[in-house]
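Participant: My questions all concern the structure below.
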Amino acid sequence: MDLDSKLQNLLNEQINHEMSSSYVYLAMSSWFEETPYSGFAQWMYTQSLEETDHAMKFYRFLADRNAKVELMAIEQPSADYDSVLDVFKASLGQERRVTAQIHDLYSLADEVRDHETKNFLNWFLDEQVEEEKNVRDMIDRLELVGVNPVGLLQLDQEAAGRKPVAASGAV
C-alpha cells in the first residue's frame, strides 16, 4: 500500500522535528559544558544521540515504505538558560511538543487507515511516556534540592550514568 501523501509529508517533518530535538539537546549539553555539571552535560548529550536515532528510525520507515525522504533545514536552537532547573523545564517542553507531534501523526494514520504506520508509531508513543517521565522525575528532584550545591552535584553525578538506548538499528 502506498503511503498517503499528507502522511508522508508529516513523517518527513517528523524527521526534522527529531533532528531539531537532537540539536536542542546538544545546545543544552553545550550550556552544561560551561558549568561544573559534566553529568548533566552527558545526560543531554545522550538525549541528543537518542533523538538522532529516532530521526533515523523515521528515515528507515519511509525508505522501507518506498516513500520519498525529504530533509529540511534545522533551526538554530537557543542555548540561553538561567539554571539547571531551567534547562530541564525546557527539556520537558521539548518532549511535550514531540509527544503532540507523534499524536498528530497517529491521528492522521488512523484517519487514512494506514495500520502499518500506526503500528510503527506505537513504539514512539511508549517512548514519549518514558521520555516525559524521566524529565519530570529530574525536575522533581531538582526542585527538591533547590540551589543546594551538594544536592546538585549528587544529581549531576547520577545524571552522568545515563546510557544511550539505540532504537533504530538503522545506522
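Participant: Scan segment 125-171 for residues that are on the phi > 0 side of the Ramachandran plot and modelled with pLDDT of 95 or more and report the count.
Facilitator: Just the residues of segment 125-171 that are on the phi > 0 side of the Ramachandran plot, to begin with: 146, 169.
Now restrict to residues that are modelled with pLDDT of 95 or more: 146.
Count: 1.
Participant: Which pairs do you get when a residue that is under 16 Å from M138 (Cα atoms), found in segment 156-169, comes within reach of a residue that is in a loop (DSSP other than H, G, I, E, B) and modelled with pLDDT under 70, reach meaning Cβ atoms under 6 angstrom, with the pair 6+ apart or on two chains?
Facilitator: Cβ pairs passing all conditions: none.
To keep it simple, each residue is scored yes or no on (1) touching a Lys or Arg at 6+ places or on another chain (Cβ under 6 Å); (2) among the aliphatic types (A, V, I, L, M); (3) within 30 Å of V145 (Cα to Cα).
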| position | (1), (2), (3) |
| --- | --- |
| I15 | no, yes, no |
| S30 | no, no, yes |
| F40 | no, no, yes |
| K89 | no, no, yes |
| S107 | no, no, no |
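Participant: So, of the residues in segment 23-57 that are touching a residue at least 60 places away in the same chain (Cβ under 8 Å) and assigned to a loop (DSSP other than H, G, I, E, B), which turns out to be farthest from the chain's Cα centre (by Cα)?
Facilitator: In this case the residue turns out to be P36.
The values are calculated or read from the model by the stated rules, or taken from the named source; none is laboratory data. In this text the structure is predicted, and so the values were computed from the model without any measurement. Backbone-built Cβ (ideal geometry, glycine too); neighbour counts: all protein chains shown.
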